[in-house]
Amino acid sequence: MLADEAEARGDANGALEVMEAFALGPDGKPFWRPWRIEYLCQIESLASILPPWVTSRWICNQAMQCLHEGNRDRKRRAFDLAVELRGGRAHLPGIDEADVHGRVVDRDWAYRQLFLYELGGLDFFVRRVASSLLLAGADSMSEWSRAQMGGYQLVDEGTATTTWRDLGSGEPQSCADIGSGVFVAPGEHVLGRLVPTQRGPMFESRPLLVPETVAHAVAERPADWVDLLRTSRTAAGVEPIVLDGPHRDSLVSDVPPYAWQLALLGPAALRADPCDEGFASTLARAVLDVAAHEIECERDRRPEEVNIWPCLGAALLEPYVVEGLPDALTSSDQQLLRQVSRLVAEPAATLCREAAEELFNAA
């Protein structure tokens with residue numbers, strides 16, 4: 001509760017101090033969700049360059065973990081509906097009841113959508129829990145709370161932007177490429193909520209990959225998306241929809257850490273030990289070298305390949321990379337950073353520009 005209260009005040013550092021003081025649970029194991037620690041470190045270390053939509057997403061994450069008693073029935077209802085969409089408890093992975101529950105609450109795409117939007121968890125948090133200071137740093141949360149579910153098709157991935165077609169209106173929507181479509185190929189379809197920000201529309205979190213028929217059905221009947229997903233689960237000839245995934249780690253980027261690590265550095269990155277001396281600077285240097293190689297090659301991406309630029313943007317915002325960047329940079333990286341800043345979305349673009357400026361001033 002102390003950590004939650006610090007976050008609700010907009011005090012990322014205060015929350016981290018609580019987590020450090022109470023790092024282990026009664027069983028002697030790490031108590032806190034690792035992705036929560038990671039995004040709090042990002043907020044703390046990158047505060048000066050983060051756009052307001054990051055605070056909006058932080059508020060969504062806080063609403064998800066809020067322990068207020070007014071959320072009790074809302075959480076139970078969201079859990080029951082999410083489990084039903086997965087085919088019942090018999091179809092859920094987990095070693096015991098607590099593990100099963102945690103996997104749904106932490107990873108299930110439908111649970112998040114139901115709790116925050118259909119059942120009003122986000123609106124409740126904004127009105128009853130969040131401080132005025134926290135809300136002042138966000139984009140309009142009232143509009144986020146009212147955002148409708150929609151069906152979209154990925155049209156194109158350009159430089160630092162992604163174009164989606166709104167299947168409801170038929171209009172294209174240009175969004176900053178923070179990796180919302182990292183697992184989506186051009187022509188494929190998703191469900192999600194586009195929300196307004198000061199820099200244009202974006203998905204409130206990573207959207208869900210679905211068959212074309214489901215996306216079009218939801219675009220026509222947004223309020224019925226739960227029933228449409230329920231029907232699609234048992235429909236003959238319809239591809240299965242994967243509702244279980246890392247949907248809670250979205251904040252400054254929608255690219256999961258394992259995805260950018262594999263895309264940029266290969267399987268060896270997953271075996272690296274962050275406790276090794278020089279780990280941070282070595283990781284930062286490796287990310288920069290991949291960026292330099294991609295710019296030098298100037299090759300077209302094959303359809304089956306992951307888009308490298310949102311992965312690079314995510315990597316540059318990784319706390320370990322931010323920590324190691326000063327020691328990894330050399331004067332010859334100034335031009336590279338400026339080039340990368342034009343190829344990645346915010347806030348990674350600003351990080352690159354500021355690092356290039358520091359190298360220029362130090363020269």
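Rule-based calculations on the coordinates, nothing more; no lab input. The model shown is predicted, which means the values in this text are computed figures rather than measured ones. Don't worry about glycine lacking a Cβ; one is built from the backbone with ideal geometry, like all the others, and counts go over all protein chains shown.
Quick rundown of the values:
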{"item": "Candidates per trypsin sites (Lys or Arg not before Pro) in the stretch 95-155, loop by DSSP, up to 16 other Cβ within 10 Å", "result": "R146"}
{"item": "Positive-end residue, the chain charge dipole about Cα centroid, Cβ charges, pick of S174, A223, I37", "result": "A223"}
{"item": "Gain in span if fully extended, R271 to E239, counting 0.36 nm per residue against the direct Cα distance", "result": "8.2 nm"}
{"item": "Cβ-Cβ FRET estimate between E212 and A98, R0 fixed at 41 Å, reported to 0.05", "result": "0.60"}
{"item": "Global form of the stretch 257-362, assessed from the alpha-carbon gyration tensor, a/c cut-off 1.5", "result": "oblate"}
{"item": "Listed candidates (i) 20.6, 65; (ii) 22.2, 74; (iii) 25.0, 98 - label of the one calculated as Rg and Dmax of the Cα atoms in Å", "result": "(i)"}
{"item": "For T161, residues with placed amide H under 5 Å, excluding near neighbours", "result": "D177"}
{"item": "Theoretical gain in end-to-end length, R76 to F360 [0.36 nm per residue, Cα-Cα removed]", "result": "96.7 nm"}
{"item": "Cα gyration tensor, the stretch 84-197 - rounded (a/c under 1.5), prolate or oblate", "result": "oblate"}
{"item": "For the stretch 1-82: rounded, prolate or oblate by the Cα gyration tensor [a/c cutoff 1.5]", "result": "oblate"}
{"item": "Computed FRET value (nearest 0.05) for L2 with R353, which takes r as the C-beta separation and R₀ as 30 Å", "result": "0.25"}
{"item": "Efficiency of FRET between A185 and N13 - r from beta-carbon atoms, R0 30 angstrom, step 0.05", "result": "0.15"}
{"item": "Per-residue HN-Hα couplings for the stretch 145-153 [Karplus 6.51, -1.76, 1.60; θ = phi - 60°; Hz; x = Gly/Pro]", "result": "4, 9, 4, 8, 5, x, x, 9, 10"}
{"item": "Fully extended contour minus Cα-Cα distance, from S142 to Q65, at 0.36 nm per residue", "result": "25.8 nm"}
{"item": "Selection of GluC sites (Glu not before Pro), the stretch 190-281, meeting DSSP coil and at most 10 other Cβ within 10 Å", "result": "E277"}
{"item": "For the chain, built as a Gaussian network whose Cα springs stay under 10 Å, the top-fluctuating residue of P267, P51, P257", "result": "P267"}
